[in-house]
Amino acid sequence: MTSRFRNQLIAGLIVLLGGGAIISAGYMHYVYPVQENPGQVVTADFNGDGLLDLAVSNRASNTVSVLVGQADGSFLPAVNYPAGQGTILGGIASADFNEDGNQDLAVVVGDVGGRGGTIAILLGNGDGTFQAPYFVPTEISPLSIAAADLNHDGSPDLFVGGNGNSCVLLGNGNGTFQNPDIFQIGEFGDTVAVAIADLNGDGNPDLISAEYTDNQVGVLLGDGEGKFSQPRLYNSGPTPNGVIAADFNGDGVLDLAVSNYQSNAVSVLPGVGNGRFGSPVHSAAGGISPTTVAAANINGDGELDLVVGNYGPPGSVSILVGLGNGKFRVARQILVGENTGYLVLGAFGSKGRLGMAVSDSGGDTLDVFSNVPK
């Protein structure tokens, strides 16, 4: 069962952001029940129909909810898949881990059967359904996860952030992984968010982390063979909880954007070349307790903007319109649910226009805004 809201909400957002904004007259707001305490959200085409689908990890019910996308930008009701007996800790990623042409899921799970923290792998069947999970040991206390080919062998690998230590799991291409390469990033090692990007332009993936207790972000440069440099740490602001890499000032060098949970701010660290970064520039997040951050050209002016999920209360999403020089206009807030956990941007539906999906851990729902011209 879904709910749709158009009139007052959508009209207000047009005034807020302008006719080219992410929430405009062509958008529909769908609210989908999932299971208890939804966390991170990923989007991928799980059934091979060319349309993006959604998956969200449910931390209190130890399940993953999968919503299959439709051509009109809506989604079918959630189908829930068990992810094991351990407690799901929120992190989720998608890639084709066994190279059968179908997208799979990797979910961060706590101790399973006395083996410590694990990653639950749910192999996709190619029709939007998933197989029962099997578990990959990490030998750490995992919190966050990202997937990419870290050693150029064509198989997706995993970067797992943890409480104390983090690790890299190199994929074998058949859904299994090599033993974890374990390392510590910050002094306290409270790695609550991770990302992967080529920060120094050498063609090799590099690792990025948000070190919550250290108030820093970590950067580990890759050698293209699955090995990484010692971490270089940069002050980011109080309790960074999300991090992404993008070029916000148009100089061709990737910058970092960080959501800082306790200071209600977003920080941008300008890239200065060779995988190094300058001092952070702080902007008000426009909401309470920013949890996650994403970037896209929201208003069609060619400049990257920031979209921030704020846990609240009240839960909200903030839009910070980019000026093209690494600075942003004052954030504008969209109230969404009770406690906005995480968000993901994607071109939902067949029109290819940008929308967003937001998990509401207070209401146990997934809110989807899809641009569907009416």
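The values are calculated or read from the model by the stated rules, or taken from the named source; none is laboratory data. Note that the structure is a prediction, hence the values are computed from the model and not measured. Every residue, glycine as well, gets a Cβ built from its backbone with ideal geometry; the counts of neighbours run over all protein chains shown. Just the protein is used for accessible areas: all its heavy atoms, side chains included, with ligands, DNA and RNA removed. Shrake-Rupley method; radii C 1.70, N 1.55, O 1.52, S 1.80 Å.
Taking the range 63-82 as the search range and keeping residues that are within 18 Å of I119 (Cβ to Cβ) and over 19 Å from the mean Cα position of the chain (by Cα), which one is least open to solvent (accessible area, probe 1.4 Å)? So the residue we want is Y81.
Scanning the range 183-198 for residues that are part of a loop (DSSP other than H, G, I, E, B) and among the small types (G, A, S) gives G186, G189. Residues of the range 127-155 being more than 23 Å from N58 (Cβ to Cβ), open to solvent by 20 Å² or more (accessible area, probe 1.4 Å) and either of a type outside the set (A, V, I, L, M) or touching a helix residue (DSSP H, G or I) at 6+ places or on another chain (Cβ under 9 Å) (or both), which ones? Hits for the range 127-155 are E139, D149, N151, H152, D153, G154.
Here are some residues: S283, S267, S279. Which one is part of a loop (DSSP other than H, G, I, E, B) and of a type in the set (S, T, Y)? Explain how you work it out, then say what you get.
Details: S283 fails: part of a loop (DSSP other than H, G, I, E, B); S267 fails: part of a loop (DSSP other than H, G, I, E, B).
Within the list S283, S267, S279, the selection yields S279.
Screening the range 176-198 for residues that are hydrophobic (A, V, I, L, M, F, W, C) and under 18 Å from the mean Cα position of the chain (by Cα) and picking the one that is surrounded by the fewest Cβ atoms within 10 Å (Cβ to Cβ) gives A197.
Would you check if G20 is over 19 Å from the mean Cα position of the chain (by Cα), at pLDDT below 80 and farther than 25 Å from G173 by Cα?
When the stated conditions are applied, G20 passes them.
For the range 36-55, the tally of residues that are modelled with pLDDT under 95 and assigned to a loop (DSSP other than H, G, I, E, B) stands at 2. Comparison of V308, V344 shows that the only residue that is open to solvent by less than 10 Å² (accessible area, probe 1.4 Å), aliphatic (A, V, I, L, M) and assigned to a strand (DSSP E or B) is V308.
Being in a loop (DSSP other than H, G, I, E, B) and without any contact (Cβ under 8 Å) to a residue 24 or more places away in the chain is a property that holds for G302. Selection within the range 234-262: residues that are part of a loop (DSSP other than H, G, I, E, B) and either open to solvent by less than 20 Å² (accessible area, probe 1.4 Å) or in contact with a Phe, Trp or Tyr (Cβ under 7 Å, 6 or more places away or on another chain) (or both). The member of this set that is modelled with the lowest pLDDT is G237.
Suppose the filter is farther than 30 Å from N200 by Cβ, open to solvent by less than 10 Å² (accessible area, probe 1.4 Å) and either touching a Cys at 6+ places or on another chain (Cβ under 8 Å) or modelled with pLDDT of 95 or more (or both); does L366 pass it? So L366 fits the description; yes.
Highlighted here are the strands (runs of 3 or more DSSP E) found entirely within the range 81-182 that include at least 3 residues which are farther than 19 Å from V41 by Cβ: 134-137, 166-169.
Within the range 199-214, the set of residues being surrounded by 21 or more Cβ atoms within 10 Å (Cβ to Cβ) and assigned to a loop (DSSP other than H, G, I, E, B) comprises L199, P205, Y212, D214.
Against the definition (touching a strand residue (DSSP E or B) at 6+ places or on another chain (Cβ under 9 Å), open to solvent by 10 Å² or more (accessible area, probe 1.4 Å) and in contact (Cβ under 8 Å) with a residue 24 or more places away in the chain), how does S267 come out, yes or no? In short, no. The sole residue among G326, G315 that is at pLDDT below 95, within 30 Å of L150 (Cα to Cα) and open to solvent by less than 60 Å² (accessible area, probe 1.4 Å) is G326. Could you please let me know if G355 is surrounded by 17 or more Cβ atoms within 10 Å (Cβ to Cβ), within 19 Å of G69 (Cβ to Cβ) and among the small types (G, A, S)? Yes.
Among the residues of the range 329-340, those identified as open to solvent by less than 50 Å² (accessible area, probe 1.4 Å), out of contact with any helix residue (DSSP H, G or I) (no Cβ under 8 Å at 6 or more places or on another chain) and over 19 Å from S267 (Cα atoms) are V336, G337, N339, T340. Is it the case, given these coordinates, that N165 is on the phi < 0 side of the Ramachandran plot, buried (at least 16 other Cβ atoms within 10 Å of the Cβ) and not β-branched (V, I, T)? So N165 fits the description; yes.
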